[in-house]
1. Based on what the data block shows, is residue 249 surrounded by fewer than 24 Cβ atoms within 10 Å (Cβ to Cβ), touching a strand residue (DSSP E or B) at 6+ places or on another chain (Cβ under 6 Å) and at negative phi?
2. So residue 76 clears everything in (1) in contact with a Leu (Cβ under 8 Å, 6 or more places away or on another chain); (2) crowded, with 22+ Cβ neighbours inside 10 Å; (3) under 27 Å from residue 230 (Cα atoms) except one condition, right? Which one?
3. For the stretch 61-109, name all the residues that are part of a helix (DSSP H, G or I) and at pLDDT 95 or above.
4. Taking the stretch 74-108 on its own, how many of its residues are closer than 24 Å to residue 348 by Cβ and more than 10 Å from ligand 1 (Cβ to nearest atom)?
5. Away from ligand 1 (no atom under 13 Å from the Cβ) and either closer than 30 Å to residue 569 by Cβ or touching a Leu at 6+ places or on another chain (Cβ under 7 Å) (or both): which single residue out of 71, 7 fits that description?
6. Which condition does residue 214 not pass, out of (1) closer than 26 Å to residue 52 by Cα; (2) surrounded by fewer than 20 Cβ atoms within 10 Å (Cβ to Cβ); (3) within 12 Å of ligand 2 (Cβ to nearest atom), if it passes all the others?
7. Report yes if residue 41 is within 16 Å of ligand 2 (Cβ to nearest atom) and either more than 23 Å from residue 205 (Cα to Cα) or without any contact (Cβ under 8 Å) to a residue 60 or more places away in the chain (or both), otherwise no.
8. Can you list residue pairs whose Cβ atoms sit under 6 Å apart, with the first residue in the stretch 285-309 being under 14 Å from residue 11 (Cα atoms) and the second being away from ligand 2 (no atom under 16 Å from the Cβ) and of a type in the set (D, E, K, R)? Count only pairs 6 or more apart in sequence or on different chains.
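The values are calculated or read from the model by the stated rules, or taken from the named source; none is laboratory data. Here the structure is a predicted model, which means the values were calculated and not measured. Virtual Cβ from ideal backbone geometry, glycine too; neighbours counted across all protein chains shown.
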Amino acid sequence: MGELLEAVVIGSGFGGAISCCRLAQKWKNKVLLLERGKRYPMGSFPRSPHDFASNFWSPPGDQTRRPEHIAKRDLRGMFDMRTFTRMDAVVCAGLGGGSLIYANVFLEPPTQTFERGWPKGLDKAYLQPYYEVARSVLGARPVPSWTSEPRRKIIRTELFQDFAHNQGRDSTLADICVFFGNDFNNPTPIGVQEKNRYGAVQTSCTYCAECDVGCNTHSKNTVDLNYLHVAEQVHQAHIQTECVAEKIVPLNELGEEDTTADGTHGYRVHYRHLDDGPAFVDTRRVVVSAGTLGSNELLLRCRDKFGTLPRLSQRLGRRFSGNGDFLSFVVKGKKRADPNYGPVITQYTDYNLFKNHDPDRAFILEDASYPNFAAWFVEGLQPSLNILGVLKKTWRVLCSIWRHLVQTFVDGKWSGSVGDLANQLLKGDESYRSIVLLCMGLDKGDGVLTLRDGNLELDWPQQTSMPLYDGIIAAGKKFKAFVQSCIFFPLPTWLWPVRNNITVHSLGGCILADSPEQGVVSAAEHDRGQVFGYQGLYVADGSLLPSAVGANPVATISALAEWIAEGITGIAPDESLGA
Ligand SMILES: Cc1cc2nc3c(=O)[nH]c(=O)nc-3n(C[C@H](O)[C@H](O)[C@H](O)COP(=O)(O)OP(=O)(O)OC[C@H]3O[C@@H](n4cnc5c(N)ncnc54)[C@H](O)[C@@H]3O)c2cc1C
Ligand code: SF4
């Protein structure tokens with residue numbers, strides 16, 4: 001590596017991976033990416049109860065507010081759980097960021113989304129070419145048809161389609177970034193491996209439903225298998241994992257740290273290697289892509305704790321949105337749901353987001369699968385959750401034993417009992433007819449991120465978004481009636497008196513705007529993504545979004561990152577990634 005790098009990218013989620021690949025395409029061997037989490041090669045995602053219980057992010061010295069059982073341990077796992085007042089958030093640590101655990105959905109929001117709070121001109125039509133290129137690289141497509149391949153049939157998808165039809169609403173198969181082979185029209189047989197078009201080995205999806213806990217067969221098109229793969233293998237980007245960026249300081253013309261400088265002479269990025277300790281690197285440019293929580297936290301600390309970036313806008317941390325996330329469950333319906341099969345989300349049903357747009361109640365309803373092992377776990381809990389159900393099963397098993405005993409006396413032999421006993425024990429399990437409802441929509445995006453004792457805090461004025469949440473709960477109750485279930489409940493944290501939302505779609509805080517009085521990052525054509533007050537300092541991740549998008553946000557984050565990278569490099573993006 002030369003003395004002064006051309007760019008340091010902080011974070012390796014969608015924004016970071018795209019920035020790293022595109023900048024390395026322009027400046028070969030001169031781009032460094034710092035990622036706090038680990039690499040996850042094929043087969044390395046934890047599955048045993050012990051490893052799963054340790055799969056959280058809480059490295060030593062990190063004082064961020066997290067659930068107590070996590071905060072007091074030294075952990076370097078994937079799930080970074082943040083607890084705030086009235087809103088908790090889940091993000092991912094690892095090479096690939098949120099792509100490692102996301103539900104694969106690539107969904108462009110409707111044009112109306114860009115009419116509230118977005119800088120003029122930065123709208124759907126303008127961003128369309130960038131959506132297209134990201135969609136292509138990430139390989140977004142619907143689940144393959146199952147008319148000629150019964151193993152591909154997903155019962156849950158059909159249930160949600162039936163519900164939408166029953167309600168007079170539209171259910172659309174979602175484009176998902178999952179590998180079913182390189183030829184979209186002729187899927188590769190389930191479980192067969194081949195190289196994707198960027199040279200990384202992937203497996204044609206096995207329908208195991210484990211997408212949200214890391215895909216051990218590398219069937220998800222996570223960004224380490226496309227953008228980052230090319231960045232590292234072709235454009236010789238340097239990727240350092242388990243490195244936490246801690247401070248950004250501008251340099252003066254002598255190459256010294258100078259907090260009055262505006263970045264014209266570059267930056268020093270201080271980071272901590274989790275094994276080797278503190279280090280720093282000097283660079284002409286910095287792209288901050290640490291995700292909404294990470295980028296806000298890092299920049300707020302640089303402005304308010306270390307004083308190294310004092311020119312940052314006073315709007316930093318404002319316009320936080322949880323993208324209207326709301327998770328709920330319908331248990332023990334009378335219709336088959338089979339939620340333990342297939343990629344985690346397959347369709348979305350529109351509630352006034354795309355059609356009959358109503359900004360106060362615009363959301364989508366998505367189906368969700370969850371891993372088989374979770375279903376076994378639920379079964380294991382039955383003795384404590386559902387004594388009546390267990391007694392019924394016990395009675396069935398005793399009857400079965402009795403039948404076999406009688407048969408033994410008649411025929412003189414005992415046969416077929418193990419299979420029959422297993423059948424009596426397992427049939428009618430709770431999971432098969434239970435449903436996870438995932439909703440997201442246009443919340444008001446009026447949260448504020450600040451620092452408390454040097455750590456991130458969120459003020460979430462939940463009440464302003466209540467019409468949205470009420471609409472979502474009403475839809476959930478209708479689903480309950482549709483499947484003839486008696487039990488509908490939102491995530492337990494929503495119950496009185498806690499009333500906490502949980503989001504997996506944190507957005508905003510470093511929003512794009514026309515001026516520093518309105519936001520943190522420039523939306524001007526010639527300054528795309530550059531932080532107001534500084535040269536060569538950029539933000540490229542979910543924190544840029546000035547409002548909720550209602551749809552799953554990765555498509556928009558990726559489109560914006562492509563647009564910003566083009567502004568920095570002057571190279572029009574295409575799906576070849578310059579490989
Ligand atoms: C369970 C789940 C399911 C989801 N499903 C979907 C979906 O289907 N579709 C969709 O559109 N969205 C989905 N999302 C949301 C999506 O994952 C995020 O919106 C997206 O990953 C955000 O991209 P990003 O570039 O902003 O940041 P991230 O992907 O969060 O990446 C930020 C990266 O920066 C790293 N980092 C943070 N701080 C530092 C630091 N100081 N130094 C070095 N590295 C740092 C982090 O470890 C992380 O790797 C889901 C999220 C979750 C949790
Ligand atoms: S269902 Fe999800 S986790 Fe399972 S193989 Fe397919 S993409 Fe991977």
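1. Working: surrounded by fewer than 24 Cβ atoms within 10 Å (Cβ to Cβ): yes; touching a strand residue (DSSP E or B) at 6+ places or on another chain (Cβ under 6 Å): yes; at negative phi: yes.
Judged against the criteria, residue 249 is a match.
2. Status for residue 76: all satisfied but (2).
3. Applying the first criterion (part of a helix (DSSP H, G or I)) to the stretch 61-109 yields 68-71, 97-100.
Once the filter is applied, which keeps residues that are part of a helix (DSSP H, G or I) and at pLDDT 95 or above, the stretch 61-109 yields 97, 98, 99, 100.
4. Going through the stretch 74-108, the residues closer than 24 Å to residue 348 by Cβ turn out to be 87-92, 96-108.
Still in the list and also more than 10 Å from ligand 1 (Cβ to nearest atom): 87-88, 108.
Residues flagged as closer than 24 Å to residue 348 by Cβ and more than 10 Å from ligand 1 (Cβ to nearest atom) within the stretch 74-108 amount to 3.
5. Numbers: 71 fails: either closer than 30 Å to residue 569 by Cβ or touching a Leu at 6+ places or on another chain (Cβ under 7 Å) (or both).
Step by step, each of 71, 7 is checked, and only 7 is away from ligand 1 (no atom under 13 Å from the Cβ) and either closer than 30 Å to residue 569 by Cβ or touching a Leu at 6+ places or on another chain (Cβ under 7 Å) (or both).
6. Here residue 214 meets the rest and fails (2).
7. Numbers: within 16 Å of ligand 2 (Cβ to nearest atom): yes; either more than 23 Å from residue 205 (Cα to Cα) or without any contact (Cβ under 8 Å) to a residue 60 or more places away in the chain (or both): yes.
So residue 41 passes the test.
8. Here the result reads 289/541; 291/541; 295/541, each pair linking the stretch 285-309 to a residue that is away from ligand 2 (no atom under 16 Å from the Cβ) and of a type in the set (D, E, K, R).
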